[in-house]
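Notes follow once the structure below has been shown.
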Amino acid sequence: MEFIGKVLNKSGQESIGSQGLAKQSISLEESNDKQYKDSIMVDFFGEKCGLIADLKPGDIVKVLFNPRAKEYNGRRYNSINGWKVEVIQKSSGSEARAAAPAYDENEDLPF
């Protein structure tokens with residue numbers, strides 16, 4: 001599957017599991033003119049973390065990923081694992097700073 005959108009933020013790289021597998025995530029928002037845009041968080045593991053090393057907030061990218069559902073203790077969980085990233089448009093410096101607006105707790109949510 002694929003998703004085209006603007007990078008909202010990128011997590012720091014972390015080590016998971018007993019063998020210290022690298023994990024890093026990015027949040028993307030649809031790049032269109034809809035009022036309520038869809039968003040997605042995509043995880044990258046191991047050597048795939050290098051695919052997002054140069055991404056900055058505000059970059060427009062196409063991410064190819066595999067969605068999976070797994071069962072653990074009788075519950076099902078979703079995971080979205082990225083395996084390819086294509087940069088469509090790099091952000092300018094001012095766009096990157098404006099990409100993460102401050103949270104306003106008085107603002108009504110759309111749902």
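The values are calculated or read from the model by the stated rules, or taken from the named source; none is laboratory data. Quantities reported herein were computed from a predicted structural model and do not represent experimental measurements. Here Cβ is always computed from backbone atoms with ideal geometry, including for glycine, and neighbour counts include all displayed protein chains. Ligands, DNA and RNA are excluded from the accessible area calculation, which covers all protein heavy atoms including side chains. Shrake-Rupley method; radii C 1.70, N 1.55, O 1.52, S 1.80 Å.
Taking each residue as 0.36 nm, the span from Ile4 to Ile16 lengthens on full extension beyond its C-alpha to C-alpha distance by 1.6 nm. Legend: residues Ser39, Ser11, sorted from most to least accessible area (1.4 Å probe; ligands, DNA and RNA excluded), read Ser39, Ser11.
Accessible surface of Val87, taken over heavy atoms with a 1.4 Å probe and every protein chain present, rounds to 80 Å². Residue order by solvent-accessible surface for Val85, Val42 is Val85, Val42, largest first, with ligands and nucleic acids left out and a 1.4 Å probe.
Accessible surface comparison of Phe3, Phe44, probe 1.4 Å, protein chains only, largest first: the order is Phe3, Phe44.
Extending 7 Å from the Cα toward the beta-carbon at both Asn32 and Lys70 defines two label points whose distance is 3.1 nm.
Label-to-label distance, Lys56 versus Asn81, with points set 7 angstrom from Cα along the beta-carbon direction: 3.1 nm. Taking Cβ atoms as reference points and 14 Å as the exclusive limit, the residues near Glu2 contribute a net charge of -1, counting Lys and Arg as +1 and Asp and Glu as -1. By a 1.4 Å probe calculation restricted to protein chains, Met1 has an accessible surface near 140 Å², given to the nearest 10. Per the Debye calculation on segment 28-82 with a single equal scatterer at every Cα and no solvent contribution, log₁₀ I(q)/I(0) for q = 0.21, 0.25, 0.27, 0.30 Å⁻¹ amounts to -0.92, -1.09, -1.16, -1.26.
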